[in-house]
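> My questions will all concern the structure given below.
The values are calculated or read from the model by the stated rules, or taken from the named source; none is laboratory data. Everything numeric in this text was worked out from a predicted model, so none of it was measured. Every residue, glycine among them, receives a Cβ derived from its backbone with ideal geometry; neighbour counts consider all protein chains shown. Ligands, DNA and RNA are excluded from the accessible area calculation, which covers all protein heavy atoms including side chains. Shrake-Rupley method; radii C 1.70, N 1.55, O 1.52, S 1.80 Å.
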Amino acid sequence: MKVLAITNQKGGVGKTTTAVNLAASLAAEGRRVLLIDLDPQGNATTGAGVTKQEALPTVYQLLLGAAKLAEVSLRTEFGFAIIPANRELAGAEVELIGLKEREYRLKNALLAGHASYDFILIDCPPALNMLTVNGLVAADSVLIPMQCEYYALEGLSDLVETLRKVRAHLNSRLEIEGLLRTMYNAQSTLTQQVSSELERHFGNKVYRTIVPRNVRLAEAPSYGKPVIAFDKNSKGAQAYTALAREILERVAP
């Protein structure tokens, strides 16, 4: 069983898109997958076809100890389970401050039922807050989606520093699982330069799979579907299927 936090402190890099589509693609490969929406915006929840109104109880109750893992997990029609989120989660940030073992709330909650899954994917918010810290403490490793643009490299060094601090103080086993190049524009010279820079610094931590800019991938969330259920022949669907297979190859070569 592997717990992967999908994180980047920079927003708009395809983090939630990756969480939902990787969950669906791993499920399509026959794996038992749980997706945890840890972002108060709840975009992974709606992207997986769950309306926020029906999404009760949520990860909020799980973090506060008011519900157990089995009580907050919903089956989706796409073969994976999800622990949903809604705006209520924004309040958890303040409430967690006063709780014992506040950084370990998610980790402790997962211990009760993690054996039911092969993969647990955590969609972290695009900020370093107590929710993200809970995600990083609960995870074995992190998957970092990023665009190949100038500011992305700057943000990446901040994120690597954050991971170093979490590893030093809260989760000694945390490592980078892989870097995923998203919204990739092969025509851009800058994109190619940043991509080469990533490979030079991170070597085989950079996934071979590249997720291109793709209209069908961008449209799928508005229909409440992962792209493999929306248009399985699209380039976006093919990329996430390839990513799922690459991850499985690394986990169990």
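> What is the projected area of the convex hull of the Cα atoms of the range 200-253, averaged over all directions, in nm²?
So the Cα hull casts an average projection of 4.6 nm².
> Right, here's the next one. With contacts defined as alpha carbon pairs under 8 Å and 6 or more residues apart, what's the relative contact order of the chain in percent? Walk me through the numbers on the way to the answer.
Working: 496 pairs, mean separation 65.7, N = 253.
Relative contact order of the chain: 26 percent.
> Simple spin-label model, 7 Å along Cα-to-Cβ: Tyr151 to Asn108 in nm?
If labels sit at Tyr151 and Asn108, their model points lie 3.8 nm apart.
> So what are the ³J(HN,Hα) numbers for the range 180-188, from phi and the Karplus equation (6.51, -1.76, 1.60; θ = phi - 60°), rounded to whole Hz, Gly and Pro as x?
The phi angles translate into 10, 7, 10, 6, 6, 10, 5, 7, 8 Hz.
> Let me ask something else about it. Of the listed peptides 142-151, 169-178, what is their order by residue-averaged count of other C-beta atoms within 10 Å, with the highest listed first?
Top to bottom by mean Cβ count within 10 Å: 142-151, 169-178.
> Can you tell me which of Ala152, Ala237, Ala27 moves the most in a GNM of the chain? Springs connect C-alpha atoms under 10 Å apart.
Among Ala152, Ala237, Ala27, the largest mean-square fluctuation in the Gaussian network model of the chain belongs to Ala152.
> Just tell me which aspartates and glutamates come within less than 17 Å, Cα to Cα, of Lys232; anything on the same chain fewer than 8 places away is out.
Of all the aspartates and glutamates, those that pass the test against Lys232 - Cα under 17 Å, at least 8 places apart if same chain - are Glu29, Glu77, Glu219.
> Counting heavy atoms of the protein chains only and a 1.4 Å probe, report the per residue accessible area for the range 108-245 as a whole number of Å². Can you show the working numbers first?
Details: 6450 Å² over 138 residues.
Roughly 47 Å² per residue, with all protein chains present.
> Give me the percent relative contact order of the range 181-227, please, defined on Cα pairs under 8 angstrom at least 6 residues apart.
44 percent
> Out of residues 5 or more away from Val206 or on other chains, whose amide H comes under 5 Å of its own, with H placed 1.01 Å from N in the peptide plane?
Counting only residues 5 or more places away or on other chains, the set is Leu179.
> Name the residues whose placed amide hydrogens come within less than 5 Å of the amide hydrogen of Gln147, ignoring near sequence neighbours (fewer than 5 apart) on the same chain.
Thr182
> Moving to a separate point now. Per residue, how much accessible surface does the range 1-52 expose to a 1.4 Å probe? Answer in Å², no decimals.
I get 26 Å² per residue for the range 1-52.
> Which entry in (i) 0.94; (ii) 1.11; (iii) 0.98 is this structure's computed Rg/Rh (Cα atoms, Kirkwood Rh)?
Here Rg/Rh (Cα atoms, Kirkwood Rh) agrees with entry (i).
> Can you tell me the equivalent ellipsoid semi-axes for the range 125-166? Use √(5λ) from the Cα gyration tensor, largest first, whole Å.
Equivalent-ellipsoid dimensions as semi-axes: 19, 10, 10 Å.
> If you roll a 1.4 Å probe over the chain with all protein chains in place, what percent of the accessible area is carbon or sulfur?
Whole-percent figure for carbon plus sulfur exposure: 50.
> Taking the Cα centre of the range 1-140 as origin and charging only Cβ (+1 Lys, Arg; -1 Asp, Glu), how large is the dipole, in debye to the nearest 20?
In total the dipole reaches around 140 debye.
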